[in-house]
Structure formats: C-alpha cells, structure tokens
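The values are calculated or read from the model by the stated rules, or taken from the named source; none is laboratory data. As the structure is a prediction and not an experimental result, all values here were calculated from the model. Neighbour counts are summed over all protein chains in view; Cβ atoms, including those assigned to glycine, are modelled from backbone coordinates with ideal geometry.
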Amino acid sequence: MKAVFAALSLIVAVLCCASSVWANTPAEDELAELNKIEAQLLLQRQWIDYRWKKASAACYADFFVTYCLKGTRADYREQIDPIRAQEVALHENQRIVRDKIKDANDAKRAAERADPAKAEQRTDNKKAFEQKQKDEVERAADLEKRRKDAPRRAQENKAGTQLD
C-alpha cells in the first residue's frame, strides 16, 4: 500500500514539474482561468434553469397556473440576470485575451517568415516542388507514349515468342 502511495505521489510530483516545463504564456494562462470561470457560470446557469423548470412544472398542479408561472419567471430572471451580466463581461475579457494571443502568434509567425534561414528553406522547398512537378509531367508523357506504343510492342512480343 505504501509503495502504491509512493508511486502515485512520485507521478504527481513529476506531472507538476512537467507542467511548469511546458508553461504557457501569461495570456494563455489567463484564458485558461477565464475558461474555468465560464464553466462555473455555466454550471450556475444550468442549476438555475433546472430549478426554474422544476418550479414551473410544479405550477401546473396549482389552480392559478398563470400567476404561479409569472412568479417563477420573475424569480428566474432575478437569479439569471446577474449571471448573464457576468457572462457578458467574461466573454468580452476572453475576446480581448484571444486577440492578444492571436497578435502574439501573428508576430511570431512574421518573425519566422523574416528569418533568412527560413526564407532560404522556403526557396529550396519551392524549387524541389517545381522539380517534382516537372518529373511528374515527364512521367505522364512517358506513360502516354508507352500506352500509344503498346499495340506495336505486343505485336513484336507475339512475333518473337511464337514456337514452331
């Protein structure tokens, strides 16, 4: 039992250290935190929806159904409006953070494109691609030539392999 506990604690320690090795940028960490908050708000919203539907269903057992439904709807709006306001602000913050991440990635890609070694590699890749295209055209032309020449070769083979 102690060996299993020791192995598990070792695995947890390794995973904790590994996560710090592959650390995200601060913007990505902030986005992850905002996503956690969004999940919590979603859970709260789902619970409010569940309670509202439960209360609405119970209203149909009453004599004054419409009055009861209006009350449950008012209670629902009272509970959901603050959550909705938080969600709107959260989504705005998420959009801003995503824009920051996108801008950072775009700047990183632009720097990579400006790198002379990468430019030379792209030129080499382009030349290799063009050469492959030329080779493919030559292979297609050779194949077409062989197809056109196939009946003649078949006749030659028949004439050369006849046994008397």
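Just a few scattered comments:
- Selection of the stretch 134-163 for residues being aliphatic (A, V, I, L, M) and part of a helix (DSSP H, G or I) yields Val137, Ala140, Ala141, Leu143, Ala150, Ala154, Ala159.
- Within the stretch 47-79, the set of residues being within 39 Å of the chain's Cα centre (by Cα) and either surrounded by 14 or more Cβ atoms within 10 Å (Cβ to Cβ) or not in a helix (DSSP H, G or I) (or both) comprises Ile48, Arg51, Trp52, Ala55, Ser56, Arg73, Asp75, Tyr76, Gln79.
- Filtered by the rule that a residue be closer than 30 Å to Glu33 by Cβ and touching a helix residue (DSSP H, G or I) at 6+ places or on another chain (Cβ under 9 Å), the stretch 95-130 gives Val97, Arg98, Lys100, Ile101, Ala104, Glu112.
- Any hit, the stretch 46-55, residues being within 30 Å of Ala27 (Cβ to Cβ) and modelled with pLDDT of 95 or more: yes
- Out of Lys102, Lys127, sole residue that is under 30 Å from Pro26 (Cβ atoms), under 39 Å from the mean Cα position of the chain (by Cα) and at pLDDT 90 or above: Lys102
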